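Reading through the structure tokens given below for one structure.
The values are calculated or read from the model by the stated rules, or taken from the named source; none is laboratory data. A quick note: this is a predicted structure, and the numbers were derived from the prediction, not measured. Cβ sites come from the backbone with ideal geometry, for glycine too, and all protein chains shown count toward neighbours. Quick note on the areas: whole protein, heavy atoms, side chains included, nothing else; ligands and nucleic acids left out. Shrake-Rupley method; radii C 1.70, N 1.55, O 1.52, S 1.80 Å.
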Amino acid sequence: GRMLRGRGRAADDDASAIARAQKLVDRLGQMKGLVMKAGQIASYMPGALPPGARDVLAKLQTSSTRMAWREIEPVLRAELGDAAFDAIDDTPFAAASIGQVHRAVFRGAPVAVKIQYPGVEDAIASDLKMVAVLARLSSIGSPIDGAGLAGELRERLLEECDYAREASNQRL
């Protein structure tokens, strides 16, 4: 919030906050994992930022730098082996903080194939260890349960990395 509002600036300096938010989106949009997820979360936290800056950060919810097919295809092969797609588009139609989605045809039916970025789950788990330490330290002497908040964040973010669970939830 301080970065987007500017140090010492009035909270109503929306134009400056929006300009800083756009710079942040440009940088975070190229990143993956927890850093980008933090930007996405900031975009829907009411009251934390001027509405215009939140609107700019909301772009992180729908856009991310796509990974090249040669980098993502090994993940698909490792997870599904030589799954016999009738066809798969090597250009993703959507990309987010932990993976990207490709159009494909499987047994004659159009499908979406969600492929997780290589190593992203391990990177998130590693980043969350540092977040847990910082949350515990920053909540010392306050009524906030920093360890509890960090634990909840860890569980929810790692759930997002479990595509089999996500598929099961969608079937339900």
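With respect to the conditions (1) in contact with a strand residue (DSSP E or B) (Cβ under 9 Å, 6 or more places away or on another chain); (2) among the acidic types (Asp, Glu); (3) without any contact (Cβ under 8 Å) to a residue 12 or more places away in the chain, Asp90 lacks only one, and its number is (3).
On the basis of being surrounded by 11 or more Cβ atoms within 10 Å (Cβ to Cβ) and either in contact with a Leu (Cβ under 7 Å, 6 or more places away or on another chain) or assigned to a loop (DSSP other than H, G, I, E, B) (or both), does Ile140 make the cut? Against the criterion (surrounded by 11 or more Cβ atoms within 10 Å (Cβ to Cβ) and either in contact with a Leu (Cβ under 7 Å, 6 or more places away or on another chain) or assigned to a loop (DSSP other than H, G, I, E, B) (or both)), Ile140 does not qualify. Which of the following residues is more than 16 Å from the chain's Cα centre (by Cα), modelled with pLDDT under 80 and either of a type outside the set (D, E, K, R) or open to solvent by 60 Å² or more (accessible area, probe 1.4 Å) (or both): Ala112, Ala132? It is Ala132.
Of the residues making up region 151-163, at least one is open to solvent by 30 Å² or more (accessible area, probe 1.4 Å), in contact (Cβ under 8 Å) with a residue 40 or more places away in the chain, in contact with a Gly (Cβ under 9 Å, 6 or more places away or on another chain) and over 25 Å from Leu57 (Cβ atoms). Say we look at region 85-101 and pick out the residues that are in a strand (DSSP E or B) and of a type outside the set (Gly, Ala, Ser); which of these is farthest from Ile124 (Cα to Cα)? By that ranking, first place goes to Ile88.
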